[in-house]
Amino acid sequence: MIWTRKVLTPSLIVIVGFLTVCPVAMLLLGSFSEGLGAFGTFTLDKYIKSYTDPALIEIIVNTIVFIIGSALVATALALFMAYLNTRTNIPFKVLFEIISIVPMMIPHILFAVSWAILLNPSNGLINLLLKQILNLQNSPFNIYSLPGMILVEGLLDLPVSYLIIAPAMSSFDVSLEESSKVCGSSNLRTLFKITLPVLRPAILASITLVAIRSLESFAVPSALGMPGRIYLLSTHIYRIIATGFAADYGMAAAVGMSALVASITLIILYRHLTSESDKYVTISSRGYRPALIDLHGAKVPLFTIVAFLSFILIVLPVLVLLYTSFIPYSMVPSLKAFGMMSWKHWLAVLKDPISLLSLKNSLFLGIAGATLGVLLTLFVSYTIVKLRTTASGILESLSFLSFSFPGIVIGVGFMWFFVRTPLYATIGSLLIGYIATYLPYGIRPLTSAFVQIHRDLEESSRVCGGGMLYTLRRIIVPLLIPGIVSAWILMATMFVRELSVSVVLSRPGNEVLAVQILRFAEDGLLGKLSALGILMIVVSTTLVVLASAAGAKLTKLQKEG
Amino acid sequence: MEIRIKDLNKNYFSEGKTITALSNVNLTMPANKIFTLLGPSGCGKTTLLRCIVGLEIPDSGEIDIGDEIVWSKDRGILVPPERRGLSMVFQTYAIWPHMNVFDNVAYPLQVRNEPKEEIREKVEKTLRFVQLEGFENRPATKLSGGQQQRVALARALAPEPKVILFDEPLSNLDAKLREETRKELRSFLTNLKITAVYVTHDRIEALSLSDTIAVMKTGRIMEIGTPKEIYFGSGQQFVIDFVGRTNLIEGKVVNIENDGPLISTAMGIIACQTKIAPPVGSIVMVSIRPEFIKLVERDCEKKRNLFQGRVESLVFIGEAYEGEIKVGETRLITKIPATSHIKEGDEINLCIDPDSCTVLLR
């Protein structure tokens, strides 16, 4: 106990405090400074310069439309899917499990790019196809537009929204609905008059969370917005630091402050809503499943919609990338196209030193970053759940707030810090930036793992004659392994595909996969991009499979004692 | 094995306040009997149990189990829980969710490094004993509440301990199952010749299961006795009130007769047959349990304690009526046989046997 009080908690507060407070403090400091090299005297110049920019109004309007739009798209789709899955007799329910997990493994930048390949106005595959078939002069679709971006971001955030709405929907006390039906309401009327209003907190929570994620989002705004000259806050910051002759980190910090304030406001709103929803949604403990609503004739059309959604969420991006990696230039699949397929792009990528370096770096960051991150979050979660001191409250709030920090803003904040240290432009700077930004993703699964280990489970082992170490080995560690494995997988896959922190912190010498893919996209090298993208998917899938296998093996070993 | 507890004290500190969990507890729990700690929540019964098992360290005192001192402040002895050789059934059952039924039950044997074959035999035997044979490979968390409770019991019994401790083991079961399990537990424990310490706040559980009951309140032992002694013979208002329903009537001692005091109350003079002899003129409480207030036609058998009253309310509760009878201004709760023909508003005669009247000194 003395060890935990004197050493563990203070050092955790120092580490987590540094990771979360440092970038924010540096960002604030930087926004009032003259330049990245030297802070200089206190100045409001950067604020004046960035907030008097006439283009900023349009950027803010775009951002608001984008985040609200994608929040509504994702939540509406999630509601539709969750209702079908939990409340109706739609077939192949396993599909819903897949939809809620698998898309998280496809890097956002690749998903966005694959839509650009399909629907860009100059040579998008679907546009080309429609022009051929319908003899059109112009492309019917343009993904480089706000509606296009909203649609793609909405699809990307569908799993997140689904994971909030589906549990609320299935823990819903059905007697609320049954009494409405007894009063003579139809299914549809009950849905709109009872079900949706009672689910309101969950729906609002989902809208807020998706809004936070799309505010943070960099992949879609950069891959789909920038080609169409539609800038959002995140891409605006990127434009300030990465394009043009003079990167202005002070201005980036000044703009970043408003993104930060917006996201912190949203996360506080989100916490408020989720604590509300705990009170609101009545969880029935009667443990019987409600009678499923028979869809009759609507079964087939509704299922077709779900199947189509899963197809475009999971299969299509991979197929598009695979196809594009083999063809010399964009063309509609045809005999001719298949005849021209070659390994050209693959060979080019495998010979490209920067692509190889980025592959190596991302793999290292995935493995080392996730391992360090899990180690840190293991102690943080232990402190939060088991020690329950004032310090654990601080840790929880810190990690919770940092959940909302947009990656690119954190990147700019860290930039102000790293430039003063030898870490600048090293892989170490990325490692620290990643762990700082994604700490909450590790804390979530691990705190719930610790919560699961009730004090009685440890104590009964001791009464049975198991000493401290024996109890640790046979009870505590095995119960933690699933949490550790899922935290590791979550962090590793996030790190392998990380884009928004990396676009700021990645310099020549510490390139990473997602940034390299963005470069290919900017240069229009779709073939190379697709080949590298497939490699990226292979890397993260391999990590997931290996980690799950290791977890299963460990659990088995522990059980056999 | 006998458990002796000497001068045990335990305080908690929380938000600057000191909470007394155990205050000068002295107890001897006889070998091979069922000993129950009964009391309301927060009375220290669970703390006492956790001190015996070693999960909680007292501030001062001594605990002996059999011939061994497992805790002594003065001699500086502290045997950790894993070396006390006890078994315990937790309120939450504490079934390990990552293990199946077999592994849960085998755990205490595996800890002792017993040979695999022996473990298998013992687990099989224990599971048969708690009527869970064939459940070995089930994941333990997939069982029903009653079955989980048996797994917890089997795990506690498997190492054949001399002492087994129960921390409100039935409180998570539904009413019917609780009753069945209580009876089973009673027969298990009697057959096994084992010292059992049982913690509960449920008076029926305590009365029906125990050989000895210790009633606790705010960290103190209030009274120790057999279930009957506690129910009928207690001289303390708290104990009487806690172990069953009762009517408490205030009165003044007006005379002492051969077999006990006469007490003047608002409903008249009550004659009590008791060894307690309060001085004449002192104010006392008379406790009368509802089941001992009898309706009579004319007079009492013993010609004592006859009262006239009016039936205020009558509620049918299945096995009997629960009646409220007004004698003067005093309201008495009674149990009236279900076959009785009285109605609300009836004027009736009632009779209270003097030896069912307990006198409580103030």
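Quick note: the coordinates plus some simple rules give every number you see, no bench work behind them. Treat the numbers as computed from the prediction; the structure is a model and nothing was measured. So basically every Cβ, Gly included, is an ideal-geometry build from the backbone, and we count neighbours across all protein chains shown.
A compact table of results
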quantity	calculated
About the Cα centre, charge dipole magnitude for chain A (Lys/Arg +1, Asp/Glu -1 at Cβ), debye	960 debye
Range of Cα positions in segment A:327-386 per principal axis (Å), largest first	64, 26, 12
Relative contact order of segment A:43-315, pairs being alpha-carbon contacts under 8 Å that are 6 or more residues apart, as %	31 percent
Euclidean distance of C-alpha centroids, segment B:231-256 and segment B:12-87, integer Å	31 Å
Fluctuation leader among B:PRO279, B:PRO108, B:PRO80 - chain B, Gaussian network, Cα springs under 10 angstrom	B:PRO279
Selected from B:ILE348, B:VAL25, A:ALA112, residue furthest toward positive end of dipole (the protein assembly as shown; charges at beta carbon)	A:ALA112
Chain B - share of DSSP beta bridges that are antiparallel (%, nearest 5)	80 percent
Proximal lysines to A:LYS344, defined as alpha-carbon separation beneath 18 angstrom and excluding residues fewer than eight positions away on the same chain	A:LYS336, A:LYS528
Relative contact order (%) - chain B, alpha-carbon pairs under 8 angstrom, separation at least six	15 percent
Contact order normalised by residue count of chain A, Cα under 8 Å, 6+ apart, percent	21 percent
Loop chymotrypsin sites (Phe, Trp or Tyr not before Pro), segment A:9-49 (other Cβ atoms within 10 Å of the site Cβ: 11 or fewer; DSSP)	A:PHE42
Modelled FRET efficiency - R0 60 Å, A:ALA550 with B:THR18, Cβ distances, 0.05 increments	0.75
Cα Rg over Rh - the protein assembly as shown, Kirkwood	1.10
Karplus 3J(HN,Hα) series, Hz, for segment B:12-20 with 6.51 cos²θ - 1.76 cosθ + 1.60 (x for Gly, Pro)	10, 10, 9, 6, x, 10, 9, 10, 7
Estimated vicinal HN-Hα couplings, Hz - segment A:510-516 in sequence order (Karplus 6.51, -1.76, 1.60; Gly, Pro = x)	10, 5, 10, 3, 5, 5, 4
Most positive-pole-ward Cα, B:LEU361, A:ALA74, A:SER122, against dipole of the protein assembly as shown from beta carbon charges	A:SER122
Dipole magnitude of chain B, debye to nearest 20 (Cβ charges: Lys/Arg +1, Asp/Glu -1, about Cα centre)	300 debye
Average projection area in nm² (convex hull over Cα atoms of segment A:20-118, one quarter of hull surface)	11.0 nm²
Set of lysines with alpha-carbon distance to B:LYS302 below 17 Å, sequence-local pairs under 8 removed	B:LYS294
Size of electric dipole in segment A:43-315: Cβ of Lys, Arg +1 and of Asp, Glu -1, about Cα centre, debye, nearest 20	440 debye
Net charge over other residues, Cβ less than 13 angstrom from the Cβ of A:SER404 (K, R count +1; D, E count -1)	+1
Cleavage-rule hits, GluC sites (Glu not before Pro), segment A:483-561, DSSP coil, Cβ neighbours within 10 Å at most 14	A:GLU560
For chain B, built as a Gaussian network whose Cα springs stay under 10 Å, the top-fluctuating residue of B:ALA196, B:ALA266, B:ALA206	B:ALA266
Overall form of segment A:43-315 per C-alpha gyration tensor (a/c, 1.5; a/b vs b/c)	oblate
0 to 90° range, to nearest 10: angle between helix B:175-192 axis and chain B longest Cα axis	70 degrees
Solvent-free Debye scattering, log10 I(q)/I(0), computed from the Cα coordinates of segment A:489-561 at q = 0.20, 0.25, 0.27, 0.28 Å⁻¹	-0.86, -1.11, -1.19, -1.21
Segment A:322-360-segment B:263-328 distance, computed between alpha-carbon centres (Å)	100 Å
Cβ-based charge dipole, chain A, positive-most Cα from A:SER275, A:PHE32, A:ALA262	A:SER275
J(HN,Hα) series, segment A:366-373, from Karplus relation 6.51 cos²θ - 1.76 cosθ + 1.60, nearest Hz, glycine and proline x	x, 6, 5, x, 5, 5, 4, x
The protein assembly as shown: calculated mean residue ellipticity at 222 nm from DSSP helix runs of at least 4, using -39500 (n - 2.57)	-16500 deg cm²/dmol
Debye log10 I(q)/I(0) at q = 0.11, 0.18, 0.20, 0.22 Å⁻¹ for segment B:245-361, Cα point scatterers	-0.35, -0.87, -1.04, -1.22
Chymotrypsin sites (Phe, Trp or Tyr not before Pro) lying in DSSP loop within segment A:187-282, provided at most 16 other Cβ fall within 10 Å	A:PHE245
Calculated SAXS-style log₁₀ I(q)/I(0) at q = 0.09, 0.11 Å⁻¹ - segment B:3-241, Debye, Cα scatterers	-0.39, -0.59
Inter-label distance for B:GLU322 and A:LEU350, nm, one decimal - labels placed 7 Å from Cα along Cα-to-Cβ	8.4 nm
Under 28 Å between alpha carbons - lysine pairs in segment A:43-315 that sit 8 or more apart or on different chains	8
Within-12-Å neighbourhood charge of B:ARG178 [Cβ basis; K, R +1; D, E -1]	-4
Cβ-derived FRET efficiency at R0 25 Å, A:VAL315 paired with A:ASN123, nearest 0.05	0.70
